[in-house]
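Q: To start, I am sharing the structure in question, which I have written as structure tokens.
The values are calculated or read from the model by the stated rules, or taken from the named source; none is laboratory data. Values in this document were obtained by computation on a predicted structure and should not be read as measured data. Cβ sites come from the backbone with ideal geometry, for glycine too, and all protein chains shown count toward neighbours. For the accessible areas, the whole protein counts, side chains as well, though only heavy atoms, and no ligand, DNA or RNA atoms are used. Shrake-Rupley method; radii C 1.70, N 1.55, O 1.52, S 1.80 Å.
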Amino acid sequence: MSVIDGSAPAAGTLAGDTPHGIGTSVPSTDALAKTQGTYPYAADLWAEGLLWAAVLRSPHPHARILRIDTADAAAMPGVRAVVTHEDVPGDAMHGRRVADRPVFAHDIVRHHGEPIAAVAADHPDTARLAAAAILVEYEVLEPVTDPEKAFAAEPLHPDGNLIRHIPLRFGDPEAVGEVIVEGLYRVGRQDPAPIGAEAGLAVPRPDGGVELYVASTDPHADRDIAAACFGLEADHVKVVVTGVPGAMGDREDSGVQLPLGLLALKTGCPVKFVATREESFLGHAHRHPTLLRYRHHADAEGRLVKVEAQILLDAGAYADASSDALAAAVAFAAGPYVVPHVFVEGWAVRTNNPPSGHVRGEGALQVCTAYEGQMDKLAAKLGLEPAEIRMRNVLSTGDLLPTGQTVTCPAPVGELLKAVRDADLPPLPDGDDESQWLLPGGTSGAGEPGAVRRGVGYALGMVHVLGAEGTDEVSTATVRVHDGRATVICAAVETGQGFTTLARQIVQEVLGVEDVRVLAPDTDQPPAGPSARGRHTWVSGGAVERAAKMVRTQVLQPLAAKFGMSVELLSIADGKITSYDGVLSTTVAETLDGKELWATAQCRPHPTDRLDDTGQGDAFVGLAFCAIRAVVDVDIELGAVRVVELAVAQDVGRILNPRQLAARIEAGVTQGLGLALMEDLRAPRGVVKRPSLTGYALPTALDAPDVRIVKLVEERDVVAPFGAKAVSAVPVVTSPAAIASAVRAATGRPVSRLPIRPQAAIVKPQA
Amino acid sequence: MSTYAQQTAENVTLPSSLDEAVAALAAMPSAVPVAGGTDLMASVNAGLLRPAALVGLGRIAEIRGWQYADGAALLGAGLTHARMGRPDFAALIPALAAAARSAGPPQIRNAGTLGGNIVSAAPTGDSLPVLAALEASVVLAGPEADREIPVSHLLTGMDPLRPGELLAFVRIPLLHAPQTFLKATGRTGPGRAVASVALVVDPARRQVRCAVGAVAQVPLRPLEAEQWVAGLIDWDGERTLAPEACTAFGEYVAAACIPDQPGVELPPAAVQLRRTVAALSRRALGRALA
Ligand SMILES: Cc1cc2nc3c(=O)[nH]c(=O)nc-3n(C[C@H](O)[C@H](O)[C@H](O)COP(=O)(O)OP(=O)(O)OC[C@H]3O[C@@H](n4cnc5c(N)ncnc54)[C@H](O)[C@@H]3O)c2cc1C
């Protein structure tokens, strides 16, 4: 349910009903197949004579492996191969940022669910039974599960327990404000919970190589990791991206892809794997559980003077993307506010908890929860409205981040806040008509209108766009025109974020060709990098635009020369080429005359720096901002919370596809709602509890609020292609803090922990 | 080479009467009955259960509806939650209809049955506290003669289903008085009960009967609290109660279901659960008698 008030979406640029080009709601090509259930996902793959894989995973979060005996498993009828660490021909260690993770655990197990061995058999049940028949003798070790104790604990890994420490120093440490508030905040472990569990097919090649058909979101990185592990040259491993059933970050668990390839190479047969739901929860990366201690100083008018923070990210057993998450957490620790003095200590530490990694908005989300909690505390202490204190401190273009970087992109934070603050509030339900009132607690009959309190809360969030701290953010795309049709070749993975639709829109816009195909990505194409942080809109969209423009020049150049006018005076639309004065009019097809035109281009944004040892540096290419006002109803006796409405104002640079944009915002705020109210993968003493979609509750349609997009600020970011900003992550980052703020307003309780448990929203009767 | 599990289709029997179903189970003692499959198939899919054969109960018309018998309703075990949630059924047994309406998302309610809910006997089974409060009994059909036992005997395992036996009917007294079912889930969307309370007023026996679900393995009956509150009611008059009495009842029920442990402080989770049960019981009584 979404309402866009304000500027109406731009109409199609062409006559006719089909939306076309940039700024219109061109529908996604796979939407129909996905709704009808015919879209092929990785789990639907099939090859003649395939074998089935199963992975044996550790039941312990921390243990020494004394012995692995695969003899019984290997002897089972139907079993074709068993692989352990001894069967890894190449690098035994891998990792997305740091190679600190074994393909198969062999001496030490560091988290519950870590892969130890894998089996290929002619039937999935046989494979599973055989995996269970592998004998592993463990010496169970005491797990380190409290990140605060990781500093002093015995090293869990040869690299030590401290993955990264960033001490950010900005301004005068002696500065003090007239008003000081302190807070301790905790954010739980959100699982990306992709509805399609991990799956894949590995097919050996006659040349000794292997092809991996997986739902990768970063095919080239996955190929390189796989090739290193298999001991093959990169050109002997091909990753083919199959339908991605939802991605929230680094989608795939290498613990699946690597065993799959090893088994295919060993047996010479295609091998298929489909993770069980439980394995999916155990294997992939989660959002970092985080502990945050804050002290905010303000003057008597509520202007921020100093922010001091300690941020502790629980990385789990391996580094993965923790360093990136920490950089974001530290840099955005004070939020989109102007603060003259900021001092942050940030750590990412190793524990035996489930692995953490890149999940949309990592780092930025956790701090948003904390700094917005602090803003509410300051408002209460100063007797200011929560929206007012925020308004007095908003960041703008030209201000400094605590990292010393100047904000050069549009930063319409105040405008966003004003838009949500001034939007009409949703009406209160008619007290007499209970049927019109979906009470907190839903349709289960427990709700009682008399016990319901309504609250309104605010949050401002920010994220960085593209990889930070010197990541080489490059993408390459090829555009081909032939026979009145254009084809885009770009290894940017469509994860549901809408890249293929955007690529079609760009080519339609630049070349005036209606029929645009986007080929499925694989690693034979040049790399485009990961599908994350909105980077494909920027770098891959930018590369597609450049390539399309090069083709356009090739089409028009001969014509321009012939008629003695410059290319700029010609325009293409709807397959027709016309000159500015209307004298020349021909079609693209006629001009091409059967010729095929190709162009390949790259997009590489300006470089960034790594944060130095005081947390300073120009680490980010771009920033995106969002303001959310949450309205909640709380049953103050049962502690049940229903989010009635989320009003969103977002800084988007430019609207490329209004419908997709609205869908991204709705999806984002709902994911944030999940974290705010229910999603927390519990792992007491390192053992994951209830790894199922019954045990791990996700928001359903009844939980989802009305999402009202009250304003989309279109202030173009001049350095970004099309001036567009990434849109998916910042609503996820902001909505949990807004919901917490609204629950605070409804109950007067501090609400310092996410998800908000019912006991935190109960108002005890006055004794 | 075979790559797919041999489909168990040939091992599925679909009898069209109770007698046939009982005969089919007798013929194949390893067969498992399946109604809506919403509990059973989840176990099969999770690899926890590999039934050698299935006897599907979905085509047995005689257990998919209800009939009246001596002031009671005889409900077929194959009634779905969706059917029980409809207004005609709600007029008959309001608390059971409310429980059925809250038992999972619509897809599950369309398939899941009363019989399956009882036989699964999950602590969070939503129909169970209602049946306990109504003092329902179950009719079991088996190779021997049919037998009828109180539902509580089945749920507590005091008198379990015997091999080859099917749950055929549930007998429920029709009380013609207010009854309520309230369930706390901690969320707005569908969810399993954290705690639930069923409360029925029985004017003929001058009783208020209450059962609390999800806080223990089986629904709990706070008998003393029931008797105490029944004693406060003017059965021949208005049958209303003051809010203070409802509050006291809530506390009474909660303390009975989540008792103090001598010498130890109640852990925070138990305190929270007690608070929830107290609020639900108070609200349930208030709605029935306010
Ligand atoms: C997503 C989801 C949400 C759910 N939410 C809820 C909820 O909120 N509340 C709730 O109470 N339940 C819930 N359930 C559980 C389930 O839907 C109910 O327990 C349902 O009533 C089970 O009925 P069924 O017909 O599907 O049983 P089945 O799965 O067919 O059978 C369950 C068991 O009962 C046996 N059985 C079934 N009928 C008979 C019979 N007539 N005689 C003898 N044995 C029999 C079967 O052999 C099996 O062992 C949920 C389930 C799912 C999957």
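Q: Under 18 Å from the Cα of A:Lys149, which aspartates and glutamates turn up, not counting those fewer than eight places away in the same chain?
A: Counting by Cα, and skipping residues close in sequence, A:Lys149 has these aspartates and glutamates nearby: A:Asp159, A:Asp314, A:Glu345.
Q: Cα to Cα, under 19 Å, and not fewer than 8 places away if on the same chain: which lysines meet these conditions relative to A:Lys306?
A: A:Lys377, A:Lys381
Q: Taking the Cα centre of chain B as the origin, how large is its charge dipole in debye, to the nearest 20, when only Lys and Arg (+1) and Asp and Glu (-1) carry charge on their Cβ atoms?
A: Approximately 860 debye in magnitude.
Q: Let me ask something additional. Could you state how much accessible area A:Lys689 has, in square angstrom rounded to the nearest 10, with a 1.4 Å probe and all protein chains kept in place?
A: Near enough 100 Å² of accessible area.
Q: Roughly to the nearest percent, how much of the accessible area of the stretch B:9-56 is carbon and sulfur, given a 1.4 Å probe?
A: 59
Q: Name the most mobile residue of B:Val253, B:Val151, B:Val12, meaning the one with the largest mean-square fluctuation, in a Gaussian network model of chain B with Cα contacts below 10 Å.
A: Highest fluctuation among the options: B:Val12.
Q: Can you give the extra length, in nm with one decimal, that the chain gains between A:Ala74 and A:His606 once fully stretched, where that is 0.36 nm per residue apart less the Cα-Cα distance?
A: Gain on extension, A:Ala74 to A:His606, equals 186.2 nm.
Q: Hey, how many Å between the Cα centroid of the stretch A:668-708 and the Cα centroid of the stretch A:712-767?
A: 15
Q: Magnitude of the Cβ-charge dipole of the stretch A:211-290, K/R +1 and D/E -1, about the Cα centre, nearest 20 debye?
A: 220
Q: Using Cα pairs closer than 8 Å and at least 6 residues apart in sequence, work out the relative contact order for chain B, in percent.
A: Normalised by residue count, the contact order of chain B is 15 percent.
Q: Would you mind working out the magnitude of the charge dipole of chain A relative to its Cα centre, with +1 at each Lys and Arg C-beta and -1 at each Asp and Glu C-beta, to the nearest 20 Debye?
A: Around 540 debye, computed over chain A.
Q: Still on this model: Which far-off residues, 5 or more places away or on another chain, put their amide H under 5 Å from the one on B:Val34, with H placed in the peptide plane?
A: Amide H to amide H, under 5 Å and 5 or more residues apart or across chains, B:Val34 pairs with B:Val55, B:Gly56, B:Leu57.
Q: Now a separate question. For chain A, what does the alpha-carbon gyration tensor say about shape, rounded, prolate or oblate, given a ≥ b ≥ c as the root eigenvalues, a/c under 1.5 as rounded, and a/b over b/c as prolate?
A: oblate
Q: For a quick check: with amide H placed at 1.01 Å from N, whose amide H comes under 5 Å from A:Ala175's, ignoring anything fewer than 5 positions away on the same chain?
A: none
Q: Label 7 Å along Cα→Cβ of B:Leu48; the stretch A:659-678 residues with amide nitrogen under 16 Å?
A: Backbone N within reach: none found.
Q: Taking 0.36 nm per intervening residue step and subtracting the Cα-Cα distance, what contour gain separates A:Ala561 from A:Thr694 on full extension?
A: Taking A:Ala561 through A:Thr694 to full extension adds about 41.1 nm, to one decimal.
Q: Could I have the simple spin-label model distance between B:Glu238 and B:Ala27, label points 7 Å from Cα toward Cβ, reported in nm to one decimal?
A: Placing both labels 7 Å along Cα→Cβ, they lie 6.4 nm apart.
Q: Taking amide H positions as placed 1.01 Å from N in the peptide plane, with prolines and chain starts having none, which residues 5 or more places from A:His358, or on another chain, fall under 5 Å of its amide H?
A: When sequence neighbours closer than 5 places are left aside, the close amide H contacts are A:Asp250, A:Ala321.
Q: Also, I was wondering about something else. Just the number, please: percent antiparallel of the DSSP beta bridges in chain A, rounded to the nearest 5.
A: 75
Q: Something else: Please give the contour-minus-distance gain from A:Glu154 to A:Glu142: 0.36 nm per residue of separation, less the Cα-Cα distance, rounded to one decimal in nm.
A: Going from the current span to full extension adds 3.3 nm.
Q: Would you calculate a helix-derived [θ] at 222 nm for chain A, using -39,500 (n - 2.57) for each DSSP H run of n ≥ 4 and dividing by the full residue count, to the nearest 500?
A: Mean residue ellipticity at 222 nm (helix-derived): -7500 deg cm²/dmol.
Q: Could you work out which residue, out of B:Met41, B:Met84, B:Met158, moves most in a Gaussian network model of chain B, that is, has the largest mean-square fluctuation with Cα springs under 10 Å?
A: B:Met158
Q: Give me the summed buried accessible area for the B-A pair, 1.4 Å probe, to the nearest 100 Å².
A: Counting both chains, the buried surface is close to 2400 Å².
Q: Take the Cβ-Cβ distance between A:Gln554 and A:Lys34 as r, set R0 to 35 Å, and report the resulting FRET efficiency rounded to the nearest 0.05.
A: 0.45
Q: Using the Karplus curve 6.51 cos²θ - 1.76 cosθ + 1.60 with θ = phi - 60°, what ³J(HN,Hα) values do you get for each residue of the stretch B:283-290, in whole Hz, with x for Gly and Pro?
A: Per-residue couplings from phi come out as 5, 5, 5, x, 5, 6, 10, 6 Hz.
Q: Describe numerically, in nm with one decimal, the distance between label points set 7 Å from Cα along Cα→Cβ at A:Asp125 and at A:Glu385.
A: 6.6
Q: Go through B:Gly189, B:Ala98, A:Gly21 and say which Cα lies farthest out towards the positive end of the charge dipole of the protein assembly as shown; charges sit on Cβ, +1 for Lys and Arg, -1 for Asp and Glu.
A: B:Ala98
Q: So, in Å, what gap is there between the alpha-carbon centers of the stretch A:384-399 and the stretch A:524-569?
A: 40
Q: Using a cut-off of under 20 Å, list every residue of the stretch B:158-201 whose amide N is near the label point 7 Å from the Cα of B:Glu20 along the Cα-to-beta-carbon line.
A: B:164-169
Q: Using Cα springs under 10 Å in a Gaussian network model of chain B, which residue among B:Pro105, B:Pro87, B:Pro267 shows the largest mean-square fluctuation?
A: B:Pro267
Q: Could you point to the residue in A:Phe281, A:Pro429, A:Val555 farthest towards the positive end of the protein assembly as shown's charge dipole, with +1 and -1 charges on the Cβ of Lys/Arg and Asp/Glu respectively?
A: Final value for the positive-end residue is A:Pro429.
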